[in-house]
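Here the structure is laid out as structure tokens; the discussion comes afterwards.
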Amino acid sequence: MAAVGGHGLQGYVVRRILLALPVLVGVSLLVFAVMRLAPGDPAAIMLGAQATREDVERLRRDLGLDRPVAVQYLQWMGRVLQGDLGRSIPLGREVLPEVLLRFKATAVLTAGALGIAVALGLTAGILSATRQYSWLDKLSMAVAVTGVSLPVFWTGIMLILVFALSLRWFPSAGMISPYGGGVTDLLWHLVLPAVTLGTASAAAVARLTRSSVLEIIRQDYVRAARAKGLAERAVIARHVLKNAFNPILTVIGVQVGYLLGGAILTETVFSWPGLGSMMVRAIQARDYPLVQGGVLLIATTFVVVNLIVDLLYAVFDPRIRYE
Amino acid sequence: MFQKSGSAVFGLALVAVLGAAAMLAPLLAPHDPDAIDTARRLARPLTAGHPLGTDEFGRDLLSRLLYGARTSLVVGLAATALAAAAGSLCGLLAGFVGRWVDQVVMRSIDTLMAFPYFLLAIAIIATLGPGLVNGMVAVAIVNIPFYGRIVRATVLAVKQTEYVEAARALGVSELRLSLTHVLRNCLAPLIVAVTLNVGGMITALAGLSFLGLGVQPPTSDWGSMLSSSRQYMNVAPHVAALPGLAIFLAVLGFNLLGDGLRDALDPRLR
Amino acid sequence: MSRRRAWGIGLGLLAVALVSVATAAPPKDAMVIGLLAEPVTMDPPQITDLNSTRVIKRLFEGLTAQELGTYKIVPGLAQSWDISKDGLTYTFHLRPNVKFHDGTPLTAEAVKFCFDRQMNDQGPFYATGTYPYVKGFLGNVAGVEVVNPSTVQIRLKAPLTPFLQYLAHHSLYVYSPEALKKWGKDMVKHPVGTGPFKLETWEPGVRVVLSRNDQYWGGAPKIRQAIYVPIIEAQARLSAIKTGEIDMTMDVPPDSLADLRKDPDVVVAETNSSAVWYIALNTRHPALKDKRVRQALNYAVHKDAIIRDILKGTAIVATTPLSPVYGPYHEDKTLRYPYDPEKAKALLKEAGYAGGFDVTFFVPESGSGMQSPVEMATVIQANLAAVGVRARIQTMEWGAYLKKYLDGPDMAEMSWNPSIGDPDHMMYMLLSSDRFPPAFNAGFYQNPRVDELLRRGRTTIDEKERVPLYREAQRLVVEDAPWIFVDHGKQVIVHRKRVQGFKLHPNFDLVLTQVWLQ
């Protein structure tokens, strides 16, 4: 991948984008193949038990499922490139608006969880690193490991039983109140699911932040800055954070991927109207257009986020651009 | 360094205890884990004959936890081994052969990573059918990229080190030389990665059981015990708490062990 | 210092805001129903799932209806009808001055339009949807004619007694032709019917808001809004009904019912339903083809324990496929299968299976009306193991399971919850060999006498002649034991005390027309 697009930042961006395209094509192929391999026929499932073989065959023809798989794939991709993701088989509704709507909900949840993960994780990680081996360090690392070790659905249900049922501080389910609500209502509903989803991420961020910061603190130039007499906080802010930025950014990028894909259990437990809970149902109904469209959207987001992360890398560290 | 190794030893101890419990389950379990006694369901811990209580079918929880350890630990380790083996193979291939093979393998790995991981597992299960082995395969496939990247990075790093150049200058066979050096260098990060990953595998399998796609009754693994017990969480919390605790301890043990190994084997990575 | 104070104030304000949202009281004229999942579609002929019907039955009506609380057929959109002597021609006189939600009038043309859309596969609107029920309910219809704007005539190919019940089924509900012409395939999101409520908003995955139809011919409902929210997780539903976030829900874990019954703010409403939960046995399997073996299995399963311990009393033992809800059609003099493992072993020995046998037992992991499929399967597996029958459980998710079921598995769970209140619908579909291969008669059960009785039952109009036919059929079926008859699930709905006037209906619908809030 020599110097396509030229040297410097621009070239880097162009190269990264070009590398991302085959990934998206790969994802589309993968989801298409896996769904087709799964036994169960969406037409038969839709029509239910009372359908005759002719009924099912006719529906398959109407849906274009009788054509060879390669042809189906090309037709689907062709339409996707024109912005048409087709219609959900059992729902009868168009895929794109449906998927975008649910994606907004997942994005809100992901943002909330990421916010908690970063806020808690960064703070815990930095505090631990700067007070290495203190009781604070050990405690927060212990909590971090705990966060990673608890299954998400278990945490979620426990939170519902404690904070919604017993204490009545937060709602039991859903994204907004049934009677409708504004931003405050949304935030109120967001707390428990975001904490559930964000805890595991927070743990990972904390551990990584701690090790990155530790490594940097040991570097000579930090010692030099300290020797110069700069206040501790300034030392951290200026030198440590700037250099720890890279690995921390990587973690965040990975976490976004995890959160987007891993929100399924949280969404199910809290009935959060996101992409994940919709996709589980769609897979079970063999709703090809919906699953394919949803997966493609998630994958695209993941790729874009990683692209942005890589870009931020390059901005902060010129060495990377010439790879 | 002292304190750190303290927690690593604790982790090792945990893993050892759980592993021993799993292996000795037939000796340690007071009852048949599948014996149903619906009249005595949801008995609290410390009931006569059932030190940890019973589940929703009246089956002894201690016995089920012990036998469940076998399933969860074995499947978790097997899934990790599978993922590590397959991933390492990909990484070796990409790193060694290089050029377009490298590109293809890396793009494939990126594709797998871009796919929402849990959905991929569900889709694979939809294809293979629910069950223990299929769940393991699904979770393993989803984790291949993780190992692929580690191994490839190591291979690339090793290829560039000076003493490979030197050895080459001395005429040692390229392949033999590379493999030995690479494998030796891969070992440390792989071991660390594996121990840190087992916990994630166990939880992922538990998640699949939550959706009903894991083991089939009456086989028990901690994940399906946890998921089937959630109906009783407010009535008999111990039925959910105990398998949850078991999973937690296993994952904790592996994570602490992994952290300790990482600190010991590769101080640079700390 | 000041930065910290700013943080403190900020958090404090946030807390106050959150608390104010948390303690808001529910409105006096709107209620929230927590469903298991959100509705799939709102186009009546396309609906196959219970959650969608619970919503759309507030929006649409059929020519006939079921009296609330029973399966008795009463006038719906047709206020009266005549049936010709040969049972082939039904003439319906429509209620006058009924309007659809979009203001267009209910006419015979509209009724014909709705039926033709599904039946006529060459018609201009056929492609606007898929119709899972058209073969079953309209397959026997020769034609629909408009006699005059308020009279519509339906001609059948052969007499079919359950036909009036079919017309009360949601797939034959009447909707506005203008709406279908306008929306086409998007009808799924734009329901326009004649019902007591109309659709106000549908936020997918979040909520469905129905509001009162003030022009409803039967008198406007007392509540202004009915809001449906999906709550997938059972514990969350339980929590929500206890805190009062929702006013009504179903399918709470049976173990929590004891606690709910003691709660002064919550009412647990129960009634028998027409549901039957059974295990279909493949009558072509080498061991299961012997009647004694099948009877042995029935003796081996401890049904009372299952109902008491797993279902926590939310069912009654099934002694016949038709539950007591069917009134005179329910036969209570069938052969009984009390829990008797010794008798089971004796029968197995007699049939030559003293050493037991192996069988694969298919179990869905979920599914509407399947109660607790995996738990019940686990107990049943243990019961059978105790008499030497080794059942290997194979769970599948519902989509794949249905396919497996229709292929004729050796042993598979199923439950049947008909909204059609006619005994024919259950017995004929499940136990007649006319519909082989095998359709829903998954076990290939075939008894010529039963077939004959069921065929006659379909065309006999006089109830006095019909009832004995079904009763004899039930006695024969229970003795032949093509199923392991397990239970009739009760309908259990939990609602807040402020919901008054609520009455359960045997087909699992949640009727809100007569409900008011305290």
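The values are calculated or read from the model by the stated rules, or taken from the named source; none is laboratory data. A quick note: this is a predicted structure, and the numbers were derived from the prediction, not measured. With ideal geometry, Cβ positions are generated from the backbone for all residues, glycine too; neighbour counts draw on all protein chains shown. Accessible surface areas use protein heavy atoms only, side chains included; no ligands, DNA or RNA. Shrake-Rupley method; radii C 1.70, N 1.55, O 1.52, S 1.80 Å.
When residues in segment C:369-393 are screened for being surrounded by fewer than 20 Cβ atoms within 10 Å (Cβ to Cβ) and assigned to a strand (DSSP E or B), 3 of them pass.
Looking at C:SER80, C:SER52, which is the one that is under 26 Å from C:THR460 (Cα atoms) and without any contact (Cβ under 8 Å) to a residue 24 or more places away in the chain?
Working: C:SER52 fails: under 26 Å from C:THR460 (Cα atoms).
Only one candidate qualifies: C:SER80.
For C:VAL146, the conditions (1) under 30 Å from A:VAL280 (Cα atoms); (2) open to solvent by 20 Å² or more (accessible area, probe 1.4 Å); (3) aliphatic (A, V, I, L, M) all hold with the exception of (1).
If you check C:ASP255, C:ASP251, C:ASP263, which single one turns out to be among the charged types (D, E, K, R) and open to solvent by less than 20 Å² (accessible area, probe 1.4 Å)? Break it down stepwise before answering.
Values: C:ASP251 fails: open to solvent by less than 20 Å² (accessible area, probe 1.4 Å); C:ASP263 fails: open to solvent by less than 20 Å² (accessible area, probe 1.4 Å).
Of the residues listed, the single one that is among the charged types (D, E, K, R) and open to solvent by less than 20 Å² (accessible area, probe 1.4 Å) is C:ASP255.
Out of all the residues in segment C:256-269, is one or more under 30 Å from A:MET279 (Cβ atoms) and within 14 Å of chain B (Cβ to nearest Cβ)? Show your work before the answer.
Start the filter on segment C:256-269 by keeping residues that are under 30 Å from A:MET279 (Cβ atoms), which leaves C:256.
Among the residues that remain, those that are also within 14 Å of chain B (Cβ to nearest Cβ) are: C:256.
Yes - at least one qualifying residue is present in segment C:256-269.
Would you confirm whether or not segment C:109-124 contains a residue that is within 14 Å of another protein chain (Cβ to nearest Cβ), of a type in the set (S, T, N, Q), outside any helix (DSSP H, G or I) and in contact (Cβ under 8 Å) with a residue 40 or more places away in the chain? Within segment C:109-124, none of the residues are within 14 Å of another protein chain (Cβ to nearest Cβ), of a type in the set (S, T, N, Q), outside any helix (DSSP H, G or I) and in contact (Cβ under 8 Å) with a residue 40 or more places away in the chain. The set of residues in segment B:46-100 being open to solvent by less than 40 Å² (accessible area, probe 1.4 Å), of a type in the set (Ser, Thr, Tyr), in a helix (DSSP H, G or I) and out of contact with any His (no Cβ under 7 Å at 6 or more places or on another chain) consists of B:THR71, B:SER72, B:THR80, B:SER88. For segment A:14-40, residues that are touching a residue at least 24 places away in the same chain (Cβ under 8 Å), of a type outside the set (S, T, N, Q), more than 9 Å from every other protein chain (Cβ to nearest Cβ) and buried (at least 17 other Cβ atoms within 10 Å of the Cβ) total 2.
Those helices (runs of 4 or more DSSP H) of segment A:53-135 in which 3 or more residues are in contact (Cβ under 8 Å) with a residue 40 or more places away in the chain occupy A:69-81, A:95-130. Residues that are open to solvent by less than 40 Å² (accessible area, probe 1.4 Å) and modelled with pLDDT under 75 were ranked within segment B:152-169; the one that is farthest from B:THR80 (Cα to Cα) is B:ALA167.
Scanning segment B:126-151 for residues that are open to solvent by less than 60 Å² (accessible area, probe 1.4 Å) and within 9 Å of chain A (Cβ to nearest Cβ) gives B:ALA126, B:THR127, B:GLY129. For segment B:98-109, check the following and say yes or no: at least one residue is within 27 Å of B:VAL251 (Cα to Cα) and in contact with a helix residue (DSSP H, G or I) (Cβ under 6 Å, 6 or more places away or on another chain). Yes: one or more hits.
When the residues of segment C:196-247 are narrowed to those that are of a type in the set (Gly, Ala, Ser) and surrounded by 22 or more Cβ atoms within 10 Å (Cβ to Cβ), which ends up farthest from the other protein chains (Cβ to nearest Cβ)? Among them, the one singled out is C:ALA226. Of the numbered criteria (1) within 14 Å of chain A (Cβ to nearest Cβ); (2) over 20 Å from C:VAL192 (Cβ atoms); (3) assigned to a loop (DSSP other than H, G, I, E, B), the one C:PHE137 fails is (3).
Counting only helices (runs of 4 or more DSSP H) that fall entirely inside segment C:413-518 and contain at least 3 residues that are touching a Gly at 6+ places or on another chain (Cβ under 9 Å), the qualifying elements are C:423-431, C:463-480. Residue-level check: of (1) assigned to a helix (DSSP H, G or I); (2) surrounded by 15 or more Cβ atoms within 10 Å (Cβ to Cβ); (3) not aromatic (Phe, Trp, Tyr), A:ALA142 misses just (2).
For the subset of segment A:271-289 comprising residues that are in a helix (DSSP H, G or I) and closer than 24 Å to A:ILE176 by Cα, which member is most open to solvent (accessible area, probe 1.4 Å)? Only one residue fits best here, namely A:ARG281. Screening C:LYS312 with (1) under 20 Å from B:ILE36 (Cα atoms); (2) in a loop (DSSP other than H, G, I, E, B); (3) open to solvent by less than 30 Å² (accessible area, probe 1.4 Å) gives one miss only, at (3).
If you scan segment A:72-97, which residues turn out to be surrounded by fewer than 17 Cβ atoms within 10 Å (Cβ to Cβ) and on the phi > 0 side of the Ramachandran plot? A:GLY83 - this is the single residue of segment A:72-97 that is surrounded by fewer than 17 Cβ atoms within 10 Å (Cβ to Cβ) and on the phi > 0 side of the Ramachandran plot.
One residue alone among C:PRO286, C:PRO321 is within 20 Å of C:ALA442 (Cα to Cα) and either assigned to a helix (DSSP H, G or I) or in contact with a strand residue (DSSP E or B) (Cβ under 7 Å, 6 or more places away or on another chain) (or both), and that residue is C:PRO321. For segment B:90-110, enumerate the residues that are facing chain A (nearest Cβ under 8 Å) and either within 22 Å of the chain's Cα centre (by Cα) or among the aliphatic types (A, V, I, L, M) (or both). Selection gives B:ASP110 alone.
Has segment C:348-361 got any residue that is in a helix (DSSP H, G or I), within 14 Å of another protein chain (Cβ to nearest Cβ) and either crowded, with 23+ Cβ neighbours inside 10 Å or of a type in the set (A, V, I, L, M, F, W, C) (or both)? No, segment C:348-361 contains no residue that is in a helix (DSSP H, G or I), within 14 Å of another protein chain (Cβ to nearest Cβ) and either crowded, with 23+ Cβ neighbours inside 10 Å or of a type in the set (A, V, I, L, M, F, W, C) (or both).
Scanning segment C:45-78 for residues that are crowded, with 23+ Cβ neighbours inside 10 Å, among the β-branched types (Val, Ile, Thr) and assigned to a loop (DSSP other than H, G, I, E, B) gives a single hit, C:ILE47.
Return the only residue of B:LEU42, B:LEU12 being among the aliphatic types (A, V, I, L, M), touching a residue at least 12 places away in the same chain (Cβ under 8 Å) and in a loop (DSSP other than H, G, I, E, B). Show your work before the answer.
On the way: B:LEU12 fails: in a loop (DSSP other than H, G, I, E, B).
Only one candidate qualifies: B:LEU42.
Looking only at residues in segment B:231-244 that are within 11 Å of chain C (Cβ to nearest Cβ) and without any contact (Cβ under 8 Å) to a residue 12 or more places away in the chain, which one is farthest from A:GLY147 (Cα to Cα)?
Filtering segment B:231-244 for residues within 11 Å of chain C (Cβ to nearest Cβ) gives B:231-236, B:239-240.
Within this subset, residues satisfying the condition of being without any contact (Cβ under 8 Å) to a residue 12 or more places away in the chain are B:233-234.
Numbers: B:MET233: 20, B:ASN234: 22 Å.
Of everything passing the filter in segment B:231-244, B:ASN234 is farthest from A:GLY147 (Cα to Cα).
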